[in-house]
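Below is one structure, written out as structure tokens; the observations come after it.
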Amino acid sequence: PNFGLYVVKDNRMPAEVMYSNASVAAKEGAGNYLKYFTYYTDEMDAKLKKEQEILNDMHRALENEEFCIYLQPKYNIHTNAIAGAEALVRWKKSDGTMVPPGEFIPVYEKNGQIEKLDEYVFRKVCQLQRRAMDEWKKLINISVNLSRSSILHDGIAECYIKIAKDNKIPFSCVPLEITESAAIYGKRIHSTTEQLVNAGFKLHMDDFGSGYSSMLCLNQIPFSALKIDKSLIDHVCEEKGKTLVEQVIMLSKLLNMKVIAEGVETEEQIIELRKMNCDEIQGFYYAKPMPEKEFTEYVKGNH
Ligand code: C2E
Ligand code: MG
Ligand code: MG
């Protein structure tokens, strides 16, 4: 157990507030096995307030369409042609500030609201694909991220199947990215992913190499592609790092998965990855995530 301590500076403070501050400190320290107690700090309070604000704002932000989708292209490493894209959410607040997903997604994940956002993003991407089919008769697969709690949510498969059907798009043009830490939850996830794959969705394992139990879920879930995490790619030009990535790629091929390298930033990395027979590249070296309009223009210019 971790104890939370609040040092009383003002005796007039209500006991409930003192207690609540100590609880905040206790929660903050939970999971740290090197410490038995944690002192309350003002930063903890500020963090909590910010999280609360993010949570309170979500409903309004969804209604006002403040969440927008950026698209980052993926490239065929051998031909340099655009091979697909990933949808990445951004929060464009009414005052114009852009909030990156790292700031709000973990908060929504913790509070069980992420499903709503994931579904929103998925629906937007399906609509975008519908427009692409109507307007330029050409489809580039756009993958969508599914958080751990979304994939564990009841009825998720039925819900996503319905959205894709309503938009009359092929299920294969909206691959679903699942992180490896999401994939370790056993039976339940097994039946959901099976249902999705049977319907025609492609599943991509995201962030491979950044978590644990990754091997196990490769065996349990029918992934069609594996995305190697940036943390592994960062070392692809070093001796050990190279061997690691090389073996991961080999393993993926043996398991019939396509391999996508994430977070590629230099030419040297591309050269190494090409030699290893990696299939696709996603990274700042080629392109950063961009708004839909810019993406459409970009794709037109690249064909
Ligand atoms: P991710 O799914 O692994 O997405 C890739 C992240 O790496 C993106 O960050 C992208 O901008 C960044 N990236 C791509 N190439 C490079 C590179 O060359 N260098 C560096 N330094 N970074 C690169 P972003 O957009 O900030 O998203 C962060 C994470 O937030 C995503 O990681 C994903 O886990 C999550 N996320 C984004 N959109 C959604 C969503 O709609 N639903 C859920 N559940 N999660 C989302
Ligand atoms: Mg992803
Ligand atoms: Mg990733």
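Which order results if Val144, Val7 are arranged by neighbouring Cβ count within 10 Å, fewest first? Don't skip to the end; give the middle numbers.
Numbers: Val144 24, Val7 9.
Lowest count first: Val7, Val144.
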The ratio Rg/Rh over the Cα atoms of the range 80-165, Rh being the Kirkwood inverse mean 1/r radius, stands at 1.01
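Using r as the Cβ-Cβ distance of Thr97 and Asp234, and R0 as 22 Å, what FRET efficiency do you calculate, to the nearest 0.05?
Numbers: r = 29 Å, r/R0 = 1.33.
Computed FRET efficiency for Thr97 and Asp234: 0.15.
With +1 on the Cβ of every Lys and Arg and -1 on the Cβ of every Asp and Glu, and nothing else charged, how large is the dipole of the range 254-303 about its Cα centre, in debye rounded to the nearest 20?
Details: 6 positive and 10 negative charges, 34 e Å.
The dipole magnitude comes to about 160 debye.
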Can you sort Leu218, Leu255 so the residue with the fewest Cβ neighbours within 10 Å comes first?
Leu255, Leu218
Run a plain Debye calculation on the chain (Cα atoms as equal point scatterers, no solvent) and give log10 I(q)/I(0) at q = 0.08, 0.10, 0.13, 0.14 Å⁻¹, rounded to two decimals, same order as the q list.
-0.43, -0.65, -1.01, -1.13
Given a Förster distance of 25 Å, report the FRET efficiency between Tyr298 and Glu267 from their Cβ-Cβ distance, rounded to the nearest 0.05.
0.80
Any idea what angle helix 101-110 forms with the longest principal axis of the chain, computed on alpha-carbon atoms, 0 to 90 degrees, nearest 10?
60
Label Lys288 and Asn2 with points 7 Å out from Cα along Cα→Cβ: what is the distance between them in nm?
3.4
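The range 1-101: D in µm²/s via Stokes-Einstein (Kirkwood Rh, Cα pairs, 20 °C, 1.002 mPa s)? Write down the numbers at each step before the final one.
Values: Rh = 17.4 Å.
Taking Rh from Cα pairs, D becomes 123 µm²/s.
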Once you have the Cα-Cα distance between His59 and Asp154, take 0.36 nm times their residue separation minus that, and quote the gain in nm to one decimal.
32.1 nm
Quick one: give the max-minus-min coordinate of the C-alpha atoms of the range 167-274 along each principal axis, largest first, in Å.
42, 31, 21
Anyone know which of Val107, Val264, Val24 comes out most mobile in the 10 Å Cα GNM of the chain?
Val24
In the chain, once you exclude exposed trypsin sites (Lys or Arg not before Pro) (DSSP loop, at most 16 other Cβ within 10 angstrom), what's the longest stretch remaining?
169-303
Where the centre of each part is set by its Cα atoms, how far does the range 204-249 sit from the range 109-152, in angstrom?
24
Kirkwood hydrodynamic radius of the range 144-221 from all distinct Cα pairs, in Å?
12.6
Have a look at Pro106, Pro175, Pro289 and tell me which one the Gaussian network model of the chain (Cα, springs below 10 Å) gives the largest fluctuation.
Pro106
Rg/Rh (Cα only; Kirkwood hydrodynamic radius) as it applies to the range 227-297:
1.03
Let me spell out the model: positive unit charges on the Cβ of Lys and Arg, negative unit charges on the Cβ of Asp and Glu, origin at the Cα centre of the chain. What dipole size does that give, in debye rounded to 20?
660
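Express the relative contact order of the chain as a whole percentage, based on alpha carbon pairs under 8 Å and six or more residues apart in sequence.
Numbers: 477 pairs, mean separation 44.4, N = 303.
This gives 15 percent for the chain.
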With springs only between Cα atoms under 10 Å apart, run a GNM on the chain and tell me which of Phe37, Phe284, Phe104 wobbles the most.
Phe37
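For Tyr36 and Gln195 in one chain, what is 0.36 nm times their gap in residues minus the Cα-Cα distance, to one decimal in nm? Present the calculation step by step, with values, prior to reporting the outcome.
Details: separation 159, 0.36 × 159 = 57.24 nm, distance 4.48 nm.
So the extension gain works out to 52.8 nm.
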Place +1 on the Cβ of every Lys and Arg and -1 on the Cβ of every Asp and Glu in the chain, take the dipole about the Cα centre, and give the residue among Val99, Asn80, Tyr33 whose Cα lies farthest towards its positive end.
Asn80
In straight Cα distance, which aspartates and glutamates are under 13 Å from Lys300, not counting same-chain residues fewer than 8 positions off?
Glu135, Glu292
Considering only the chain, what is the antiparallel percent among its DSSP beta bridges, to the nearest 5?
40
Any chance you could give the angle, 0 to 90 degrees and rounded to 10, that helix 187-199 forms with the longest Cα principal axis of the chain?
30
Would you mind checking the tilt of helix 42-63 against the longest principal axis of the Cα atoms of the chain, expressed as 0 to 90 degrees and rounded to 10?
50
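Assigning unit charges at the beta carbon (Lys, Arg +1; Asp, Glu -1) and nothing else, what dipole magnitude in debye, to the nearest 20, does the range 1-49 show about its Cα centre? Please report the intermediate quantities before stating the final value.
On the way: 6 positive and 6 negative charges, 13 e Å.
Charge dipole of the range 1-49: 60 debye, to the nearest 20.
Computed from the coordinates by the stated procedures, all read-outs in this text should not be read as laboratory data. Not measured: the values here are computed from a predicted model. Quick reminder, even Gly has a Cβ in these numbers, built from the backbone with ideal geometry, and neighbours come from all protein chains shown.
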